[in-house]
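Trainee: Let me give you the structure first, and then I'll get to my questions.
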Amino acid sequence: MIPHLLSIRELSQGDVLDILGRACRLKREGAPCTALAGKVVVKLFYEPSTRTSCSFEVAAAGLGAHVLNWNIANSSSIKGESLLDTARNLAAMGVFAFVIRHPNAGAPARVAKHIGCAVVNAGDGRHEHPSQALLDAFTLMEKWGGELRGRRVLIVGDILHSRVARSNLYCLQLLGAKVRFCGPPTLAPKAFEALGAEVCFDLDEALKDVDAVMMLRLQKERQQEALIPSAQEYQRRWGLDLRRMSKLKEGTFVMHPGPVNRGLEIASEVMDGPYNLILEQVANGVVVRQAILESLQ
Ligand code: CP
């Protein structure tokens, strides 16, 4: 059991295995629809989301919780109310857990520190996206007989702005896998080697001996300066297309957390082809998020 889910970095290997084990049981046996009966789960999303937001909603509803869909556009945050005041006021109505997405790194942790409810980080700035990493690890473990030890996972693209890359690095390492980052030097700086990742810039080299490739979305909304030569050049050097797919070992899986820039970081033919786990990731997101909610004390 955990009080909050704020980052993978704060979890032990035992915590991660407990959540993934619960997800496995929930997938096998179905969700106990009364586990969170009478409890209120509030989604506070200060950034857009399709998968994470809807997946937490389906997960919480499946456990019998009442889900409160706070909507920034119709909320008093438009009048200047702070995140903390918003959370305080909602907590006063009797909340079991907040699921928070926010552009500022550390925002969910700040709420957790000041409010007496469980908090789940649904993505904060460039910091972490822990539920995404857990569902990615779950999806790979299903494919590899429950074991990630010794496997090599390549994460490609905009590592610099990616909370998914950071959470996946910590989670995969905790479970014994090796992580390689690849992208332009501006988006995959060598500084990530200090965190234990291998970093390289040549995608054709990077693809050679990996068991899974996770493509990341080029996050144009977080790039204030020109960090890539052009979209066309990025696609040519760091995009995954059928030519590059042919260089992969047989059975190498392709992943993407979504949303996807089709034709930029990943070609449509790859996205819709075999060995692609993208919709399995989304499907597993529901049981993994149920496991997370069930783990909260
Ligand atoms: N993977 C992910 O976080 O997608 P959304 O932004 O749609 O939630």
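Trainee: Based on DSSP, what percent of beta bridges with both residues in the stretch 5-102 are antiparallel, to the nearest 5?
Mentor: Percentage antiparallel, nearest 5: 0.
Trainee: Among DSSP beta bridges whose residues both lie in the stretch 109-221, state the antiparallel percentage, nearest 5.
Mentor: Within the stretch 109-221, antiparallel bridges account for around 10 percent of the total.
Trainee: Here's a follow-up. If Lys and Arg each add +1 and Asp and Glu each add -1, what is the summed charge of the other residues whose beta carbon sits under 14 Å from the beta carbon of L83?
Mentor: Its environment carries a net charge of +2.
Trainee: If one computes the Cα centroid of the stretch 246-297 and of the stretch 115-165, what distance in Å separates the two points?
Mentor: 11
Trainee: Jot down the radius of gyration and Dmax of the stretch 86-164, Cα atoms only, both in angstrom.
Mentor: 16.0, 48
Trainee: So, one more: Sequence neighbours fewer than 8 away in the same chain don't count; with that in mind, list the lysines whose C-alpha is under 21 Å from K208.
Mentor: K143, K178, K190, K247, K249
Trainee: I've got another one for you. Over all distinct alpha-carbon pairs, what is the Kirkwood Rh of the chain in angstrom?
Mentor: 19.6
Trainee: Loop-only check: which trypsin sites (Lys or Arg not before Pro) in the stretch 139-188 are DSSP coil with at most 12 other Cβ within 10 angstrom?
Mentor: R149
Trainee: How much of the DSSP beta bridge set in the chain is antiparallel, as a percent to the nearest 5?
Mentor: 5
Trainee: Compute the acute angle (0 to 90°) between the alpha-carbon long axis of helix 278-295 and the principal axis of greatest extent of the alpha-carbon atoms of the chain; round to the nearest 10°.
Mentor: Result, in degrees: 40.
Trainee: Okay, next question. Which shape class, rounded, prolate or oblate, goes with the stretch 26-99 when its Cα gyration tensor gives a ≥ b ≥ c as root eigenvalues, a/c under 1.5 marks rounded, and past that a/b bigger than b/c marks prolate?
Mentor: oblate
Trainee: Something else about it: Length gain on complete extension for the stretch H66 to L279, per 0.36 nm per residue less the alpha carbon to alpha carbon distance?
Mentor: Extra length from H66 to L279 when fully extended: 74.1 nm.
Trainee: Report the Rg/Rh value for the stretch 85-234, based on alpha-carbon coordinates and the Kirkwood definition of Rh.
Mentor: Here the Rg-to-Rh quotient is 1.04.
Trainee: Along the Cα-to-C-beta direction of T186, a point sits 7 Å from the Cα; which residues of the stretch 144-179 have their amide N less than 14 Å from that point?
Mentor: 158-161
Trainee: If I take R0 = 30 Å and measure r between the Cβ atoms of R51 and H114 in this structure, what FRET efficiency does the formula 1/(1 + (r/R0)^6) give, to the nearest 0.05?
Mentor: The calculated FRET efficiency here is 0.60.
All of the numbers you see were taken from the coordinates with simple rules; none came from a lab. Fair warning: this is a prediction, and the values are worked out from it, not measured in the lab. Using ideal geometry, Cβ is built from the backbone for each residue, glycine included, and neighbour counts are taken over all protein chains shown.
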